[in-house]
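Below: the structure, in structure tokens.
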Amino acid sequence: MRLSLNWFTIRFLMIALLLCATHTSGAADREVSRLFKDNCAGCHGDQMQGGQAKTLLDGVWKHGGDDASLENVIRNGVEANGMPPWKGMLNEGEIHSLVVYIREKVTEAKRKQTTYAKPVSDQIVTSEEHKFRARTVVDGLSTPWSVAFLPDGRMLIPELPGNLHIFDKGNLQTPPVQGLPKFRTIGQGGLMEAIPHPGYQTNGWLYLVFSDGATNAAGENVGMTAVVRGRIRDGQWVDEQTIFKAPLSTYRSTAVHFGSRLVFDNSGHIFFGIGERGMGADAQDLTRPNGKIHRLFEDGRIPSDNPFVGRSNAIPSIWCFGNRNPQGLARHPVTGDIWESEHGPRGGDELNWIRKGLNYGWPLITLGMNYDGTPMGKGTAGEGLEQPVTHWTPSIAVCGINFYTGDKFPNWRNNLFVTSLAQEEYRRLVIDDHKVVHQELLFRGIGRIRQTATGPDGYLYIVLNKPDKVVRLEPVE
Ligand code: HEC
């Protein structure tokens, strides 16, 4: 086809130009690597390695290294020293995306130059407080999602595809538990957690968190995170009771962001998280269960002091909202506070202190950006929207968390252990008065870390995906 410059093409070109022009000054949707190339690379180098102006990769910042300082330099420039101001040319979302992008590159460069501890095949890791090694306890698993312990030391290992294994004195019991409910195993959904009640010894209750499937009125296959409890008798799942199932009308067909993780407090409640299922706006909608942390009595009844009880059409189990994908939930052993880790978009993985009725901001605000490098939401902060206690930008793909309560690593007691999938990191956080006062990267690169737990034997257990296994950290004298 030949392109002739008739009135139509001219009009088309004019509209296209107009659209580009309005986008530049208005809508925040320019991709960040492009922005850097077009506006910054000329002075700071294609790869940020430096050129006419300094490298941005060394992590050394003359004008301050926090987000606000970096944004300020980009926005207002340092004209006396040759750094032009970008306000007017770049919008605030784009300026923030550039900071996320710079952090990605700085971290990448640092990772290339650093040799990280790798506790495999009897390598001993010397960390700040303890020397340890990792020993494989169970392998040959298929996508294990968590680990929990019965009072007699037996280990429960749910696998996402639907098996619940019991590991007893060095052996996986066969067959796995029979007669479990039906799970919707799709994408990130399936059987996610099996958690014994704190009074298991006397009541035998075991709680399962899983993705429940159904066919909705439109005939679509849909699902939502659900909770049941039951008992195991002679290897069979029996006495099942539904603890939480959302109204069928709220089920979603998507295959991502199921959340899960369930914790008990010591006054008869359970807390559990449901991810937003890839439907960001749902996280702000109180008539939907996804993108929330929920609170119920252990038997599924709604506590009358839940924050949205009585609000018309609100799901009454909601405890807080605006949570993207809560893949970690833990109760502080001393204060009883509930902590949550939340897998963010590109950047902006969060650690939150979970409190009644609060809005944690997703998808209105985030410290990250869209996966495609465009800005997202309406910025990094907003009125009535909680900031995380800390965040990981670039993302580590944060997953399960656990406060260590054992006696094998005395200097780690009550520290928060944080896992990561994509970056395969295992981190130790010291928390004081709701702040992270110290953080240590203990190791990285032995597999995607799904969850971590303190064993009754005092060891720290770690659930790995790829390779699919459970390892434990043991102290070395
Ligand atoms: C005309 C050259 C030039 C361009 C184009 C330019 N910079 Fe700079 N930039 C500089 C110079 C020179 C400095 C050092 C300023 C100083 O020493 O105070 C600097 C400093 C910075 C700093 C602060 C470093 C510190 O140590 O605190 C950041 C961040 C930065 N630039 C980011 C960017 C980004 C992002 C862009 C593109 C939007 C960009 N720059 C475009 C020249 C440039």
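The values are calculated or read from the model by the stated rules, or taken from the named source; none is laboratory data. Keep in mind that this is a model prediction, so the values were computed, not measured. With ideal geometry, Cβ positions are generated from the backbone for all residues, glycine too; neighbour counts draw on all protein chains shown. These accessible areas exclude ligands, DNA and RNA; they are computed on the full protein's heavy atoms, side chains included. Shrake-Rupley method; radii C 1.70, N 1.55, O 1.52, S 1.80 Å.
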Checklist entry - Of all residues in the stretch 13-58, which are modelled with pLDDT under 50 and hydrophobic (A, V, I, L, M, F, W, C)? => result 13, 14, 15, 16, 17, 18, 19, 20, 21, 28
Checklist outcome for this item: Expected output for the stretch 53-65 (first residue over 18 Å from residue 96 (Cα atoms), partner open to solvent by less than 40 Å² (accessible area, probe 1.4 Å), Cβ below 6 Å, 6+ apart or cross-chain) is 53/44
Checklist outcome for this item: A careful count of residues in the stretch 274-294 that are more than 19 Å from residue 213 (Cβ to Cβ), touching a Phe, Trp or Tyr at 6+ places or on another chain (Cβ under 9 Å) and touching a residue at least 40 places away in the same chain (Cβ under 8 Å) gives 6
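Going by the conditions given, is residue 87 open to solvent by 60 Å² or more (accessible area, probe 1.4 Å) and more than 30 Å from residue 463 (Cβ to Cβ)?
yes
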Next on the checklist: Contact list please: Cβ distance under 8 Å, first residue in the stretch 248-270 and in the same structural domain as residue 189 (by TED's automatic domain parsing) and of a type in the set (Ser, Thr, Tyr), second residue surrounded by fewer than 17 Cβ atoms within 10 Å (Cβ to Cβ) and outside any strand (DSSP E or B), pairs at least six apart or on different chains.
Outcome noted: 249/216; 249/217; 250/287; 251/216; 253/220; 254/187
Next on the checklist: Can you tell me which residue is surrounded by the fewest Cβ atoms within 10 Å (Cβ to Cβ) among those in the stretch 178-221 that are closer than 24 Å to residue 288 by Cα and touching a helix residue (DSSP H, G or I) at 6+ places or on another chain (Cβ under 8 Å)?
Outcome noted: 217
Checklist entry - In the stretch 37-74, what residues are surrounded by 14 or more Cβ atoms within 10 Å (Cβ to Cβ), charged (D, E, K, R), near the ligand (Cβ under 10 Å from one of its atoms) and not in a loop (DSSP other than H, G, I, E, B)? => result 71
Next on the checklist: Quick check on my filter: what residues within the stretch 395-429 are over 19 Å from the mean Cα position of the chain (by Cα) and not hydroxyl-bearing (Ser, Thr, Tyr)?
Outcome noted: 406, 407, 408, 409, 410, 411, 412, 413, 414
Item to check | Residue that is open to solvent by 10 Å² or more (accessible area, probe 1.4 Å), assigned to a loop (DSSP other than H, G, I, E, B), under 15 Å from residue 329 (Cα atoms) and not hydrophobic (A, V, I, L, M, F, W, C), where the choices are 402, 414 | outcome: 414
Checklist entry - Residues in the stretch 80-103 that are in a loop (DSSP other than H, G, I, E, B) and either within 11 Å of the ligand (Cβ to nearest atom) or under 24 Å from the mean Cα position of the chain (by Cα) (or both): how many? => result 5
Checklist entry - Among the residues of the stretch 81-100, which ones are out of contact with any strand residue (DSSP E or B) (no Cβ under 8 Å at 6 or more places or on another chain) and within 21 Å of residue 422 (Cβ to Cβ)? => result 99
Checklist entry - Here is a list of conditions, (1) within 28 Å of residue 428 (Cα to Cα); (2) touching a His at 6+ places or on another chain (Cβ under 9 Å); (3) of a type in the set (Gly, Ala, Ser), and residue 148 meets all of them except one; can you say which number that is? => result (2)
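Residue-by-condition table, conditions (1) hydrophobic (A, V, I, L, M, F, W, C); (2) in contact with an Asp or Glu (Cβ under 9 Å, 6 or more places away or on another chain):
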site: 101; (1), (2): no, no
site: 104; (1), (2): no, no
site: 108; (1), (2): no, no
site: 112; (1), (2): no, no
site: 119; (1), (2): no, no
site: 125; (1), (2): yes, no
site: 135; (1), (2): no, yes
